[in-house]
Amino acid sequence: MPVSAVLQTSFLGDMVLTTPLLERLAGEGLVHVVATPANAAVLANHPAVASVIVFDKRGADRGWRGLRRVAERLRSVGAQRAYLAQGSNRTAALAWLARIPERIGFETSGGKLFTTRRVPYNRTQHHAARLWQLANPLGHDGTLPEPLRPSLYPGASDTAAVEALLRAYQVAPGTSLLALAPGSVWATKRWPSFAALATALVQRIDGASHGTAERVVVLGAAGDAPLAAEIARAVYEVGGPPVIDATGKLSLLGSAALLSRCRVLITNDSAPLHLASAMNTPTVALFGPTVPGMGFGPLAEQQVVLGRKELSCRPCHAHGPQQCPLGHWKCMRDLAPQDVAHAVLELAHSGG
Ligand code: SF4
């Protein structure tokens, strides 16, 4: 049976978007994944993954000795092929040090000197599709699965944590949840009007509701708690129901489990967008300094992408700079909360 190793040590979203490749390879044999400590958790319970080898590249496994140690662990799984989903010099060197005979990566990758086969990096494709294409035999274009969607498998403890959180906020059964994910590592990707959106939503819910109670929930890491507090305060001031603050309270798969309960997610171009794609949660995605054409748009069946298409400065950065280089930050500042609320309510009620 073929044994593959997939090396993905990039951001969480990249790990999520690697899951279609993992599923494809699992159809042929065993798949072992090299992941960062943070990303390893998101692969728990995944049926395509035989094992996860944690590579703490910025911590315990930093430096040459750490690299050698992880390479030994990787070597022990006996992979014949390594797929370099993250193609830095360090990751590619890891596959080489592990003596994996075939090492496949993108022709644009920094670590391409360590590869034995280079695959074109198609800039017009979704990143999940680009990663999936790594498994194409030499000289062939595979037919992409339809729909192409990542997959995650929250476990019983993740679901239990969500239920406990909703109980703590006295969320009645059948309540429709509108999820907001206001955070991002990259400052210019953080839309500044989530609080205004939340108040617009709670003020319009009564008129738009189809007889189901609705509540706002805020998703994110512990560091996003101040953003959640700002949203909760704004909703309180207009007399809306208490906002459910899930920031820092759930694991990554717990957040995915919560998203599977949500009617719609409103998010920046950040990790929750990809968690929602995996759970097929209807998504309103707000793009500022980046654009979905870069390959990281939503893959949920129901989705709306909003952004100021008329701005010639977009996109201005691969991720989103920490400050707008032009100083005005119009790509985000000019996205009106009322327009976003309109899109959210249309999507939330499109199923009746
Ligand atoms: S330069 Fe344009 S795209 Fe970049 S942050 Fe500023 S307004 Fe946004």
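Calculated [222 nm] ellipticity per residue, helices only, for the chain: -10000 deg cm²/dmol; basis is -39500 (n - 2.57) per DSSP H run with n ≥ 4, divided by all residues, nearest 500. Local charge for Val171 was computed over the other residues whose Cβ lies under 15 Å away, with Lys and Arg +1 and Asp and Glu -1, and equals +2. Under 5 Å between amide hydrogens, built in the peptide plane, is the criterion, and for Phe296 it picks out His127 among residues at least 5 positions away or on other chains. Of Ser176, Ser312, Ser260, the residue with the greatest mean-square motion in the GNM of the chain, using alpha carbon springs below 10 Å, is Ser312.
With no solvent and one point on each alpha carbon, what is the Debye value of log10 I(q)/I(0) for the range 3-135 at q = 0.11, 0.14, 0.20 Å⁻¹? Debye output, listed in q order: -0.32, -0.53, -1.16. In this structure, the pairs whose alpha-carbon distance is over 28 Å, taken from Lys57/Lys189; Lys57/Lys330; Lys112/Lys309, are Lys57/Lys330; Lys112/Lys309. Counting only protein heavy atoms and a probe of 1.4 Å, the accessible surface of the range 15-150 is 51% carbon and sulfur.
Under the combined filter of DSSP loop state and at most 15 neighbouring Cβ atoms within 10 Å, the range 44-99 retains these trypsin sites (Lys or Arg not before Pro): Arg58, Arg62, Arg99. Summary value for the chain: 15 percent relative contact order, contacts being C-alpha pairs under 8 angstrom separated by 6+ residues. Amide hydrogen proximity for Val6: with H placed 1.01 Å from N in the peptide plane, the residues at 5 or more positions away or on another chain lying under 5 Å are His32, Val33, Val34, Tyr83.
Considering every alpha-carbon pair of the range 120-260, the percent of pairs per 5 Å bin, from zero through the bin containing the longest distance, is 2, 9, 15, 16, 15, 13, 11, 8, 6, 4, 2, 0, 0.
Using a probe of 1.4 angstrom and keeping all protein chains present, the accessible surface of the range 6-112 works out to 40 square angstrom per residue. Protein-only accessible surface at a 1.4 angstrom probe places the residues Lys309, Lys330 in the order Lys309, Lys330, largest first. Each of Ala187 and Met1 was given a label point 7 Å from its Cα along the Cα-to-Cβ line. The distance between the two points is 5.0 nm. Here the average projected area of the convex hull drawn through the C-alpha atoms of the range 209-352 stands at 9.3 nm². The heavy atoms of Thr108 present about 80 square angstrom of accessible area, all protein chains included, probe 1.4 Å.
In the context of the full set of protein chains, the range 274-352 has a per residue accessible area of 46 Å² (1.4 Å probe). The listed residues Trp64, Trp191 rank as Trp64, Trp191 when sorted by accessible area, largest first, using a 1.4 Å probe.
Accessible surface of Thr188, taken over heavy atoms with a 1.4 Å probe and every protein chain present, rounds to 10 Å². FRET efficiency for the pair Lys112 and Ala60, taken as 1/(1 + (r/R0)^6) with r the Cβ-Cβ distance and R0 = 41 Å, rounds to 0.90. Counting only protein chain heavy atoms and rolling a 1.4 Å probe, the accessible areas of Arg103, Arg233, Arg263, Arg190 rank, largest first, as Arg233, Arg190, Arg263, Arg103. Comparing Asn89, Asn39, Asn280 in a Gaussian network model of the chain where C-alpha atoms under 10 Å apart are linked, the largest mean-square fluctuation is found at Asn89.
Note on the range 3-135: dipole from Cβ charges, positive end direction compared against Phe106, His126, Gly27; the farthest Cα belongs to Phe106. For the range 157-348, the fraction of 1.4 Å probe accessible surface lying on carbon and sulfur atoms is 54 percent.
The angle between the Cα long axis of helix 225-237 and the main principal axis of the chain comes to about 20°, on a 0 to 90 degree scale. Where in the range 257-352 are there GluC sites (Glu not before Pro) that are in a DSSP coil and have at most 13 other Cβ atoms within 10 angstrom of their Cβ? Qualifying residues, ordered by number: Glu301, Glu310. Volume of the convex hull of the chain (Cα atoms only), normalised per residue: 143 Å³.
The values are calculated or read from the model by the stated rules, or taken from the named source; none is laboratory data. From a predicted model like this one, the values you see are computed outputs, not experimental measurements. Note that each Cβ is placed from the backbone with ideal geometry, even for glycine, and that neighbours are counted across all protein chains shown. Surface accessibility is based on the protein's heavy atoms, side chains included, excluding ligands, DNA and RNA. Shrake-Rupley method; radii C 1.70, N 1.55, O 1.52, S 1.80 Å.
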